[in-house]
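The values are calculated or read from the model by the stated rules, or taken from the named source; none is laboratory data. This structure is a prediction, so every number in the text was calculated from the model and none was measured. All Cβ positions, even for glycine, are placed from backbone atoms using ideal geometry, and neighbour counts span all protein chains on display.
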Amino acid sequence: MKKKAKIGMIIFLIIYFTVGIINAIYFVPKDAKEVTQGLASRWIIQISDKNAWYTRLNPLTIAMSWAIIIGLVIFAVKVGKNFKLIPDRKQSLTESIFDFMYEIVESVIDDPRFVKPTFMISTTLFIYIAISNVLGGAVPGLNVSLAGGSVKFTLFTDTFFAPTADLNTNLTYALMVFVISHTFAIKAKGFKGWVKSWFEPNPIMFPMNVIGELAKPISHSLRLFGNVGGGAILTFMLSYLVKYLLLPVVFWGFFGLFVGLIQALVFSMLAVAYISAQIS
C-alpha cells in the first residue's frame, strides 16, 4: 500500500471510530423497541387528497435516482471527452464492464439485430442497480425514515437510501423489460408469429402462457426488492446489537458490495434471458 493510501486509511479509521463512539454514547437508541418502531417505515408524501397508491411518492427514491443518473451522466461525459488510446483507470473500468456485458449478450441473443439494443438495455440496468445497491448497502450517509409517526433523519448510523429498496423502482424496470421483450418479439416474428407464440405448443396452453408471462415482471422485481430491502433491515438490526462500532463495515461490505453487485448482475441477466426467450 502506498504512503498516500496508508494516510487516507488512517484518517478514515480515526473519523470512523470517532463518529462511532459519539453515536454509541449519544445517538444509539437505548431500547430495542425504539429501533424496531420505525424499522422499514418509508418516508411517504401524499401529493393528493385522495388516499390512493398512485398519489403517494417516496422523496428519497426520486432524489437518489436523480443523483445516480446525474452522476452517471457526468462520469460518461468526462470519460468520453478524455478518451485515450492508453486508458486510465476510469476508462479501463468502463471498457471492462462494457466488454463483459457485451460478450454475455452476444452469446445469448441469437439474432444480431437485437444484440446492440439488448446490450444497451442490460448494461444500463446493471450500472444503475449496482450503484444504487452499493450506495444503499455499503456507503454510510443520510437516510430518512418514519419513527412514531414523525420524520427521522439518520446520519452515519445507516447507509444512503437505495432506490432499489423501493418496490416501485424495481417493478418499473421489470415492466419495462417485459414491454421491450415483447416489442422485440413482434419485430422478430411479426405480429402473427407473436400472437401464435401465445398458443404454443398447444392452444390449451394459452392461459398458462399468459400466467407465465405476467409472473415474470413480478418475480423479476420482487427478487431484487427482497434482497436489497431485507439486507438493509438485517444490517440495521445487527448494527444496533454491536452499537455501530466495527461490524457495520463488515455488514455493509457484504450486503452492499457482494450481494448488491450480484443482484445487479442477476437482474440484468434475467432481462437478457427474457428478451432472448421472446425473440427465439
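Quick notes on this one:
Condition check ((1) part of a helix (DSSP H, G or I); (2) more than 26 Å from Met269 (Cβ to Cβ)) across all residues:
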| site | (1), (2) |
| --- | --- |
| Glu200 | no, no |
| Ile204 | yes, yes |
| Pro207 | yes, yes |
| Val210 | yes, no |
| Leu214 | yes, no |
| Pro217 | yes, no |
| Ser221 | yes, no |
| Gly229 | yes, no |
| Leu234 | yes, no |
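Listed here are the residues, each with its yes/no results for (1) touching a Leu at 6+ places or on another chain (Cβ under 6 Å); (2) at pLDDT 85 or above; (3) over 16 Å from Phe184 (Cβ atoms).
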residue	(1), (2), (3)
Val105	no, yes, no
Asp111	no, yes, no
Leu125	no, yes, no
Ile129	no, yes, yes
Asn133	no, yes, yes
Ala138	yes, no, yes
Gly141	no, no, yes
Ser145	no, no, yes
Gly149	no, no, yes
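- Subset of segment 101-132 [of a type in the set (Gly, Ala, Ser), buried (at least 17 other Cβ atoms within 10 Å of the Cβ) and farther than 21 Å from Thr183 by Cβ]: Ala130, Ser132
- Given (1) over 30 Å from Thr18 (Cβ atoms); (2) touching a Pro at 6+ places or on another chain (Cβ under 6 Å); (3) modelled with pLDDT under 90, number of the condition Ser239 does not satisfy: (1)
- Of all residues in segment 159-178, those that are hydroxyl-bearing (Ser, Thr, Tyr) and not in a helix (DSSP H, G or I) total 1.
- Failed condition for Val79, given (1) crowded, with 16+ Cβ neighbours inside 10 Å; (2) under 27 Å from Leu171 (Cα atoms); (3) over 18 Å from the mean Cα position of the chain (by Cα): (2)
- Ile74 falls short on exactly one of the conditions (1) modelled with pLDDT of 80 or more; (2) surrounded by 12 or more Cβ atoms within 10 Å (Cβ to Cβ), and that condition is (2).
- Which numbered condition Phe119 fails, given (1) over 20 Å from Ala188 (Cα atoms); (2) free of Cβ contacts under 8 Å to residues at least 40 places away in the same chain: (1)
- Residue in segment 173-180 that is more than 19 Å from the chain's Cα centre (by Cα), assigned by TED's automatic domain parsing to the domain that holds Leu270 and modelled with pLDDT of 90 or more present: yes
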